[in-house]
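Only one structure is covered here, and it is reproduced in the block below.
The values are calculated or read from the model by the stated rules, or taken from the named source; none is laboratory data. Being a predicted model, the structure only gives us computed values, none of them experimental. Quick reminder, even Gly has a Cβ in these numbers, built from the backbone with ideal geometry, and neighbours come from all protein chains shown.
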Amino acid sequence: MNIKKTLKTILLLILGGVLVWYSVSKISLPILVSYFKEANYSWILLGLFFGILSHLSRAYRWKFMLAPLGYKPSYTNSVLAVLIGYLVNLALPRAGEVSRAIVLKNYENIPFEKGFGTIVAERIADLIMMLAIVVITLFVQYDFIFNLLTNNFNPTKIGVGILLLIIGFFTFSSFVKKAKSGILLKIKTFISGLIEGATSIFKMKNKWAFIFHTVFIWTMYVAMFWATIPSIEGLIVPFGGILIGFIAGGFAIAATNGGIGLYPIAVAGALALFDIPTEPATAFGWIMWTAQTVMVIIFGGLAFLLLPIVNKK
């Protein structure tokens, strides 16, 4: 690992520590502990069950990406690689994708660059699903979001802001299309890669199975969030709140190491929009984050232990 990546990891961990302190300052530690003690763990386990299903589905979906390249890894190794990837991501953001490709290189003789390429294509599909959930949320909660914006911001300024964004988007797009060097060319290449990766899904042999598993994975993510809510007695969140809370948590996980510190803050902030009190909202964020993290650590650790045993021959 080079110095730049080391410093980045250290800074993210420090940021996570600061965010943990900030989040805990919003609710006294004894009260937070009492929420954990009084939580209904049957609902938490149900949420974890949905999370496990998403991981198993992700491992199965990966096989569809590798098949056109002429590789058919064992499902067991695919599952173990996915679990190890999640665990590595807790310590080093985005390094989990590299570890997944390395596992298949070592145990399935799949070239690293080809395995990693399929993972990048997977992430494109996941990005599209996340954007789809955002769009669905905007439609489902249109009145709520519109009223929230108009009540807190000047409608005229909002309209001008949207108009400027549209103009800026088309202006920026025209520069990117004409780019032949520099950062604009990198952006152009990245966007082209996104489009190519997204359209390649429809060209693969098992495209409908791939699309089904992609939708299933993200449905399980949302189901995990939804199922954990009743673990806190009296916590009632409307469907729109579930979607907005899920999106906020998703961005928090992407921004820091597994969402450490930021996840509870983001979820509590999203639920606050629906007049849910700070204490139960923050406690839910911590319970949700802890459940996900413990699941990743346990199953990722087991995957590390089982990988050489399963492949001892």
For Ile287, the lone unmet condition from (1) surrounded by fewer than 21 Cβ atoms within 10 Å (Cβ to Cβ); (2) more than 15 Å from the chain's Cα centre (by Cα) is (1)
Candidate set: region 82-120, residues that are basic (Lys, Arg), in a helix (DSSP H, G or I) and free of Cβ contacts under 8 Å to residues at least 40 places away in the same chain; chosen: the one surrounded by the fewest Cβ atoms within 10 Å (Cβ to Cβ) | Lys105
Exactly one of (1) over 17 Å from Tyr86 (Cβ atoms); (2) in contact with a Lys or Arg (Cβ under 6 Å, 6 or more places away or on another chain); (3) of a type in the set (A, V, I, L, M, F, W, C) is unmet by Ile217. Its number?
-> (1)
Count of region 241-267 residues which are within 23 Å of Asp143 (Cβ to Cβ) and either over 14 Å from the mean Cα position of the chain (by Cα) or free of Cβ contacts under 8 Å to residues at least 12 places away in the same chain (or both) = 2
Just one listed residue, out of Ser192, Ser200, Ser231, is small (Gly, Ala, Ser) and modelled with pLDDT of 90 or more, and it is Ser231
Does any residue of region 273-280 turn out to be at pLDDT below 80, farther than 21 Å from Thr137 by Cα and among the hydroxyl-bearing types (Ser, Thr, Tyr)?
-> no
Of (1) among the hydroxyl-bearing types (Ser, Thr, Tyr); (2) in contact with a Gly (Cβ under 8 Å, 6 or more places away or on another chain); (3) surrounded by fewer than 20 Cβ atoms within 10 Å (Cβ to Cβ), Thr219 fails just (2)
Scan region 59-81 and report the pairs whose first residue is within 17 Å of Ala125 (Cα to Cα) and whose second residue is modelled with pLDDT of 90 or more and surrounded by fewer than 19 Cβ atoms within 10 Å (Cβ to Cβ), with Cβ atoms within less than 8 Å and a gap of 6+ or a chain change.
-> Ala59/Tyr75; Tyr60/Tyr75; Lys63/Tyr75
